[in-house]
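Input: a single structure, listed below in structure tokens.
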Amino acid sequence: MYAYQLTVENWKNFKKCGDIKLSPRLFLIGPNASGKSNFLDIFRFLRDLCVPKGGGLRYAVESRGGVSAIRCLAARRQPDIIIDIKLKENIKSKGNGTESEIWRYRLSFSQDNRRIPFVKEEVVEHNNKILLNRPSKDDREDELRLTQTALEQINLNKTFRPIVNFFQNVNYLHLLPQVVRDPQGFSPNPIKDDPFGRDFLQRVENTTKRYRDSRLTKILAVLKVAAPQLKDLRVERDRQGFPHLLGIFEHWRPKGAKQNESQFSDGTLRLFGLLWALFEGEGLLVMEEPELSLHSAVVRHLPQMIERIHRHRKVKRQLIISTHSEEMLGEKGIGGEEVLRLEPGPEGTELKSPMDDPDEKSLLESGLSIADVVFQKSSPKDLGQMLLAF
């Protein structure tokens, strides 16, 4: 299953963006503060609604600072925040081919005078058939029910569990090497599924040995290209029981020199985390600027590497990647339908596809890359003014 269309209103940078087309692999480009991270956060928000314990509407909203912090600054008065997403699932038909099942989830929410978030509208459709339409009669008789979405209520989501499962399996990664090296320094308490890496090595160590060893072997083959002196890669616990990523590096010693994650470069840790995330999980994977700390020659090959890893997976997964890298977007295998350019303005950020611009589409069809055609349009304007400030 993958998300193929999205509409949002009054969500952070986006006042109103309708019918945004999403591809199985999507790259987001745009200047700083245009809303790339906020766009990715839409999918994290939907995941947080479905967390079995400790999640739900109130957690998802309050962990982001409340409705007022989520609502677009360009919005007038206090309008509702709306997320409307369509999902497509290919299933085997009775014949030899496949058929597509279309799911739609729409959520509109606001807050009451105590700043408690509540549902204004919630709709679920399956192949154009309405399965849920709130507020219902029961909601009107007991308005406290509207402080929860149907996604988080087992007794209400039985007929649309595929949507719940899709949102629950959304993965987000923005690995910070400093956090991986010293997780307790950033949080003395364990943090489960932390996108910044506080429990990253624990997750690697907890993976079934068969899968862990297989992934480490494949990742080692890639890392050896970027760091030729690396000869082996493993995960071991220290005397206190904490897991560590260990690398054996070629050295004058016969058995090589052993180093753990505290001695790895930022680029090595980031590349390791990126590759592990591509192997781990089956749901939508959203990544922020995976090119950080990596050599431009490595970045140039990331799209191909990602594609090859996916080609060998049993279950294909959707990827949404934000990037500032011209090298990454120079890959000619990236199609115009796989790119969204964010353009900020006084009335919020607009999302633009090269396929909707005849000139850009023509240039891409002539063989030019996304970097050649679109990237410069995503750069901040009047950069020369930065120098005049000093």
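The values are calculated or read from the model by the stated rules, or taken from the named source; none is laboratory data. What you see is a predicted model, and the numbers here were worked out from it, not measured in a lab. FYI the Cβ positions are ideal-geometry reconstructions off the backbone, even for glycines, and counts take in every protein chain you see.
Taking each residue of the stretch 159-177 that is on the phi < 0 side of the Ramachandran plot and looking for partners that are among the hydroxyl-bearing types (Ser, Thr, Tyr) with beta-carbon atoms closer than 9 Å, six or more apart or interchain, yields 160/105; 163/105; 166/2; 167/105; 174/37; 177/265; 177/268; 177/293. Since residue 234 meets every condition but one in (1) part of a helix (DSSP H, G or I); (2) basic (Lys, Arg); (3) free of Cβ contacts under 8 Å to residues at least 24 places away in the same chain; (4) over 18 Å from residue 122 (Cβ atoms), which condition does it not meet? All conditions are met except number (1).
Rundown of residues vs (1) farther than 21 Å from residue 286 by Cβ; (2) of a type in the set (A, V, I, L, M); (3) out of contact with any Leu (no Cβ under 9 Å at 6 or more places or on another chain), yes/no style:
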site	(1), (2), (3)
135	yes, no, no
138	yes, no, yes
166	no, no, no
171	no, no, no
215	no, no, no
228	yes, no, yes
235	yes, yes, no
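For the stretch 14-25, the criterion of a residue being touching a Pro at 6+ places or on another chain (Cβ under 7 Å) and assigned to a strand (DSSP E or B) is satisfied by no position.
Just one of the listed residues (132, 173, 151) is touching a strand residue (DSSP E or B) at 6+ places or on another chain (Cβ under 7 Å), at pLDDT 90 or above and either crowded, with 19+ Cβ neighbours inside 10 Å or among the aliphatic types (A, V, I, L, M) (or both), and it is 132. Scanning the stretch 155-162 turns up one or more residues that are loosely packed, with under 12 Cβ neighbours inside 10 Å and either in contact with a His (Cβ under 9 Å, 6 or more places away or on another chain) or farther than 26 Å from residue 286 by Cα (or both).
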